[in-house]
1. Nearest 10 degrees is fine. How inclined is helix 150-183 to the longest principal axis of the chain, computing both from alpha carbons?
2. Determine the relative contact order of the chain: mean sequence separation of Cα pairs under 8 Å and six or more apart, normalised by residue count, in whole percent.
3. Describe numerically, in nm with one decimal, the distance between label points set 7 Å from Cα along Cα→Cβ at residue 38 and at residue 56.
4. Quick check on the exposure proxy: order 175, 139, 83 from fewest to most C-beta atoms within 10 angstrom.
5. Using alpha carbon coordinates only, what is the Rg to Rh ratio of region 34-101, with Rh defined as the Kirkwood radius?
6. Evaluate E = 1/(1 + (r/R0)^6) for residue 184 and residue 122, where r is the Cβ-Cβ distance and R0 equals 22 Å; express this FRET efficiency to the nearest 0.05.
7. Using a simple spin-label model with points 7 Å from Cα along the Cα→Cβ vector, what separation in nm is obtained for residue 68 and residue 152?
8. Based on the alpha-carbon gyration tensor of region 97-163 and its eigenvalue square roots a ≥ b ≥ c, which shape applies: rounded if a/c is under 1.5, prolate if not and a/b is larger than b/c, or oblate?
């Protein structure tokens, strides 16, 4: 039973780190990356559809995204969706291709993004600690029901702390990498 609790906690902590990783990919670092447009939804035959479902997104150079719609009538809808996305991007249409130039980040905007990234990182750490708290409370329940000994409980708590430290270190490494990317000019 102890192993199951530890395994479940490890799995949930890993999912918290993965979730943070996915959120950090969406933060713009000045370099073009197709995932910047992941949250953009386009009206496609009456339903809201993700942009990558109606067009091919490429990166022709470091500061430009290229969007090739699969159907030419989608071009105005895609432009409108990008403008309304709140990303601060201005698409430019050239024939069948939509180019989205990424403006360089100002120093102030970089600092805002770093603050946002740190806030997300703290949320990840809190989630990991909450998982540890829940797992330790489950272990204490097992001890209360005399399914495990007090020594087993102490060992399991130590292992939970090591798991927590490992996952928090992963979060810190992700944040350090992202902050470094954001400060690059």
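Just so it is clear, none of the values below were taken in a lab; they were calculated from the coordinates. It should be emphasised that the depicted structure is a prediction, and the values quoted were computed from it without experimental measurement. Cβ atoms come from the backbone with ideal geometry, glycine included; neighbour counts cover every protein chain shown.
1. That helix lies at roughly 20 degrees to the long axis.
2. Answer for the chain is 25 percent.
3. Modelled inter-label distance: 2.2 nm.
4. Least to most surrounded, the residues fall as 83, 175, 139.
5. 0.91
6. With a Förster radius of 22 Å, E is 0.45.
7. 6.1
8. prolate
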